[in-house]
1. Being surrounded by 20 or more Cβ atoms within 10 Å (Cβ to Cβ), more than 30 Å from residue 54 (Cα to Cα) and either in contact with a strand residue (DSSP E or B) (Cβ under 8 Å, 6 or more places away or on another chain) or touching a residue at least 12 places away in the same chain (Cβ under 8 Å) (or both) narrows it down to one residue among 184, 119; which is it?
2. Any chance you could count how many residues in the range 64-83 are more than 26 Å from residue 161 (Cα to Cα) and in a helix (DSSP H, G or I)?
3. Quick one: is residue 89 assigned to a helix (DSSP H, G or I) and over 20 Å from the mean Cα position of the chain (by Cα)?
4. Please tell me if residue 31 is farther than 27 Å from residue 102 by Cβ and under 17 Å from the mean Cα position of the chain (by Cα).
5. Among the numbered criteria (1) without any contact (Cβ under 8 Å) to a residue 60 or more places away in the chain; (2) part of a helix (DSSP H, G or I); (3) more than 30 Å from residue 65 (Cβ to Cβ), which single criterion is violated by residue 173?
6. Out of 113, 134, 106, I need the residue that is surrounded by fewer than 20 Cβ atoms within 10 Å (Cβ to Cβ), assigned to a helix (DSSP H, G or I) and more than 18 Å from the chain's Cα centre (by Cα). Which one?
7. Looking at the range 20-42, can you tell me whether even one residue there is in contact (Cβ under 8 Å) with a residue 24 or more places away in the chain, touching a helix residue (DSSP H, G or I) at 6+ places or on another chain (Cβ under 9 Å), more than 29 Å from residue 179 (Cβ to Cβ) and in a helix (DSSP H, G or I)?
8. Out of all the residues in the range 135-178, which are over 30 Å from residue 50 (Cα atoms) and modelled with pLDDT under 90?
């Protein structure tokens, strides 16, 4: 089967035709969760901070274990310091998720601002090239989001992360359901 002029590998076709129902379930669940996150962004923001905290805690444990493979005492100390800092930040996000959303929102605003500036600059330099206009539009959107988040900070911590996570979940769900529909069509074509 061909998609957009490219044929699918037989293993990919088989995997999609077998797993399309699971993909559809996860896609629909992501869309529903995304809608909930948009409707109650403050709760989604705190939930995201807690989730990131647990990820950092897990990563910190892995970093601590990996630190012992260092070849010198200096490297061991640096790796251990990085690991302990990761654990501390993870614990802080878990214990104080509202304060964590303040910090994460500030970082998010700065990220959007700088990525928007970078994309706009690259689009300007690349004008006349294919998709330079879309890159510029993406840059301007990033700039506007960054300015909005930073101009309203710290109040923006109540909605920014939850809203953006919600939007991302909806897009991810949309992608997964599209792939699931392809898998369904492949399973029917057998």
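1. On the way: 184 fails: surrounded by 20 or more Cβ atoms within 10 Å (Cβ to Cβ).
Just a single option satisfies the conditions, and that option is 119.
2. Narrowing the range 64-83 to residues more than 26 Å from residue 161 (Cα to Cα): 64-81.
Add one more test, that the residue is in a helix (DSSP H, G or I), and what stays is 64-67, 73-81.
Matching residues across the range 64-83 total 13.
3. Details: assigned to a helix (DSSP H, G or I): yes; over 20 Å from the mean Cα position of the chain (by Cα): no.
Against the criterion (assigned to a helix (DSSP H, G or I) and over 20 Å from the mean Cα position of the chain (by Cα)), residue 89 does not qualify.
4. Values: farther than 27 Å from residue 102 by Cβ: yes; under 17 Å from the mean Cα position of the chain (by Cα): yes.
Spelling it out, residue 31 is indeed farther than 27 Å from residue 102 by Cβ and under 17 Å from the mean Cα position of the chain (by Cα).
5. Only one criterion in (1) without any contact (Cβ under 8 Å) to a residue 60 or more places away in the chain; (2) part of a helix (DSSP H, G or I); (3) more than 30 Å from residue 65 (Cβ to Cβ) is unmet by residue 173, namely (1).
6. On the way: 113 fails: more than 18 Å from the chain's Cα centre (by Cα); 106 fails: more than 18 Å from the chain's Cα centre (by Cα).
Answer to the check: 134.
7. Yes: the range 20-42 contains one or more residues that are in contact (Cβ under 8 Å) with a residue 24 or more places away in the chain, touching a helix residue (DSSP H, G or I) at 6+ places or on another chain (Cβ under 9 Å), more than 29 Å from residue 179 (Cβ to Cβ) and in a helix (DSSP H, G or I).
8. Hit for the range 135-178 is 135, nothing else.
The values are calculated or read from the model by the stated rules, or taken from the named source; none is laboratory data. Quick caveat, the model's predicted, so the values are computed rather than measured. Note that we place each Cβ from the backbone using ideal geometry, even for glycine, and neighbour counts take in every protein chain shown.
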